[in-house]
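Notes follow the structure.
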Amino acid sequence: MGKPAGLVLYLGAVRRGEFESLLARGIPCAALLDANTKLKVPALPGFRFVETFDFTRPKAELVARIKQIRAAHGLGCLLNVIEHYVEHFAVATNQTPAFLGVNLQGQISAFALHFRDFHDETEVAKHGIE
């Protein structure tokens, strides 16, 4: 049998509907939540752990905490689902060797896809292109 997968670590905040399918599949989840978030975070009883971190602190401290979590629990995926934390996520993934460059490219690709879709919809509306 192979090594168990590392956990999925949600960064900043998490909302209902963003984690249930992972837990249902037996994928271990945890959260490093922003101590200052105004979002209503749902109860997370299936998570391995839920910690808070002050995201106004220097980003180097965030990276250090993520590295500590990875060393203690294993880390299969760092996941950001809230737009407000994209910069924190980019810094963390670019300074955490296992994730070097992967996330930032994903963020850029996602932006490009959204821009393309918006542009295509705008062109259809403007020119009546079907």
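Here are a few things to note about the model shown:
- Among helices (runs of 4 or more DSSP H) entirely within the stretch 25-130, having at least 3 residues that are at pLDDT 60 or above and under 15 Å from the mean Cα position of the chain (by Cα) singles out 59-73, 86-94.
To keep it simple, each residue is scored yes or no on (1) closer than 14 Å to Phe89 by Cβ; (2) of a type outside the set (Asp, Glu).
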{"site": "Gly12", "(1), (2)": "yes, yes"}
{"site": "Gly17", "(1), (2)": "no, yes"}
{"site": "Ala24", "(1), (2)": "no, yes"}
{"site": "Cys29", "(1), (2)": "no, yes"}
{"site": "Lys40", "(1), (2)": "no, yes"}
{"site": "Leu44", "(1), (2)": "no, yes"}
{"site": "Phe47", "(1), (2)": "no, yes"}
{"site": "Asp54", "(1), (2)": "no, no"}
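- Across the stretch 10-24, the number of residues qualifying as assigned to a helix (DSSP H, G or I) and on the phi > 0 side of the Ramachandran plot comes to 0.
- The number of residues in the stretch 78-90 that are surrounded by fewer than 16 Cβ atoms within 10 Å (Cβ to Cβ) and in contact (Cβ under 8 Å) with a residue 40 or more places away in the chain comes to 2.
- Filtered residue count, the stretch 48-74, keeping only those that are in contact (Cβ under 8 Å) with a residue 24 or more places away in the chain, touching a strand residue (DSSP E or B) at 6+ places or on another chain (Cβ under 6 Å) and crowded, with 17+ Cβ neighbours inside 10 Å: 1
The values are calculated or read from the model by the stated rules, or taken from the named source; none is laboratory data. None of the values given here were measured: they were computed from a predicted structure. Cβ sites come from the backbone with ideal geometry, for glycine too, and all protein chains shown count toward neighbours.
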